[in-house]
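Let me begin by presenting the structure, written as structure tokens, before commenting on it.
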Amino acid sequence: MTDNDFTQRPPDALPLGYRFEEFEIQDVLDAGNDNIVYRAQDHQLERQVAIREFLPRTLTVRSESQRLVPRSKQDQSAFLAGLDGFIHEARQLARLNHPNVVQILRFWTYNETAYAATPVYSGMTLSDLLQHYPERINEAWIRRMLPMLCGALAALHDKGFIHCRLSLNSIQIQDNGLPLLLEFGALRQTGENGEVNKTLLHPGFTPLEQYSDDADNPPGPWTDIYSLGAILYTLITGARPPTSVTRSIQDNCIPLTESQPEGYSPELLQAIDRTLALRPEERPQSIEAFARLAGIVLNDTGMSQPVHQTGSMLIPVEQNEPEEPAAQPWWKAHRIALQTAAGVLVGLIAGALLFGRSTSTPVAQSASTSGKTATVTSATKPAAAASALTRVYLRVNEGDELEVNGKAQKLPTPVNGYATVQLTPGQYEIMLRNGEQSRSATITVDKPGTWLLDPQP
């Protein structure tokens, strides 16, 4: 999901003002070969969302009634197969509920196709980062990003899915530093049979097994591991590896342990070289195995373990700088606090060091905390803030009971150790009780966003 500057709207895009019940189309954010992403207004909750429409241009045309019609009878089966995959994958992702994977807010079918609504995220793809700010990529930055990115991939794999389309454009670094997996429409179930869609392949990032329909050599977690290694190879060297098909004929990919780029440890370079093995069985077979080789601690939420101290903190998505908002980023005013909380907020520090600019893309803002007191500042007008909903990922343990402002609440079903609650603007005392033990955190909300909260004793 990227934000492109269109001089004119794609001719097959839905018209401005088109309504899906509470959603009203406002603009086009992105357009690819098989989808269009719109910015839309949710009039029910008074917020903006991104709506992805399944629209394979080579197979369909849009009629005057806005319905999609296959170009020919021969295209009908391919279109229906793609549509079934889009629907199935969106439903699976909606159940995943992971902070580093695109969040599905709502899904529906209409106009003979399907739509998925997600938050509107802000940030920069790895492709943009490498193009505009290559000097900001180093081993320290990679090691801050990898635990969260690997955790998101591991969560997909645990659900029986592989991404199958990882590239520099399918990973976004949000303004708060948290990586986000994009392009959910490319997911495949592990062991799924059927012909691979060659239009989804990214030369240089796609392993050999994805170019083949050989049932004896199916894609699996090792497929995403190859693509992840190719991404890291490209970030380090500035050039993508040769395509795997070319390498299968004559392998001219220079291992990183041979080129030895300056500033990178042998441990990390050796782990990346292992991921780029042409034979799937010679690569790490799981994200956990790759993490061990690279010497990183797998982190599936973007939140580190809490440091041993009484106090705690939550860094806001934005810091209001009324005098020089563009020239004075919020992180400069909080450099000492960020360094002190480095063990807790590594993902956020990465984002703070990354961006001097941002572009608008389909995604929500978020931050993390393992602390007791969290304050979310905002320059939002009071009328807008009054209707804002903040999504909070709350770290919970088995047997926890939830209290909000002293009142018992039903604890939502946890996913990967986190329960999700939505809060309107105000101040909240979050209490988790488990027998005689309790953990608490305070959060003050006056803007929409997504937050990771880890209550402490």
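Read-outs throughout are calculated quantities, based only on the coordinates presented, and are distinct from any laboratory measurement. Not measured: the values here are computed from a predicted model. Because the Cβ atoms are built from the backbone with ideal geometry, glycine has one as well, and the counts that use them run over all protein chains shown.
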If you rank Leu180, Leu256 by fewest surrounding Cβ atoms within 10 Å, what's the result?
Leu256, Leu180
In nm, to one decimal, how far is the Tyr211 label point from the Glu139 one, both placed 7 Å along Cα→Cβ?
3.2 nm
Amide H contacts under 5 Å for Gln409, placed H, 5+ residues apart
Leu402, Glu403, Val404
Could you give each residue of the stretch 252-266 its phi-based ³J(HN,Hα) in whole Hz, using Karplus coefficients 6.51, -1.76, 1.60 with θ = phi - 60°, and x for Gly or Pro?
10, 7, 7, x, 5, 5, 8, 6, 6, x, 5, x, 10, 6, x
Quick one: if you stick a label point 7 Å off each Cα along the C-beta vector at Val61 and Gln74, how many nm between them?
1.6 nm
For the stretch 122-294, whose charge dipole is built from +1 on Lys and Arg Cβ atoms and -1 on Asp and Glu Cβ atoms, the candidate among Ile173, Pro219, Gly238 with its Cα farthest towards the positive end is Ile173
Please compute the contact order of the stretch 122-294 in relative form: average sequence separation of alpha-carbon pairs under 8 Å and at least six residues apart, divided by the residue count, as a percent.
22 percent
Residue separation times 0.36 nm, minus the C-alpha to C-alpha distance between Arg433 and Glu22: what's the value?
144.2 nm
Farthest toward positive dipole pole in the stretch 19-118 [+1 Lys/Arg, -1 Asp/Glu at C-beta], among Gln66, Tyr38, His88:
His88
Considering only C-alpha atoms, what is the centroid distance from the stretch 27-81 to the stretch 129-154, in Å?
32 Å
Could you pull out the GluC sites (Glu not before Pro) across the stretch 43-146 that fall in loop regions by DSSP (anything but H, G, I, E, B) with no more than 11 other Cβ atoms inside 10 Å?
Glu64
Quick calc, the stretch 122-294, dipole around Cα centre from Cβ unit charges on Lys, Arg (+) and Asp, Glu (-), nearest 20 debye, gives 260 debye
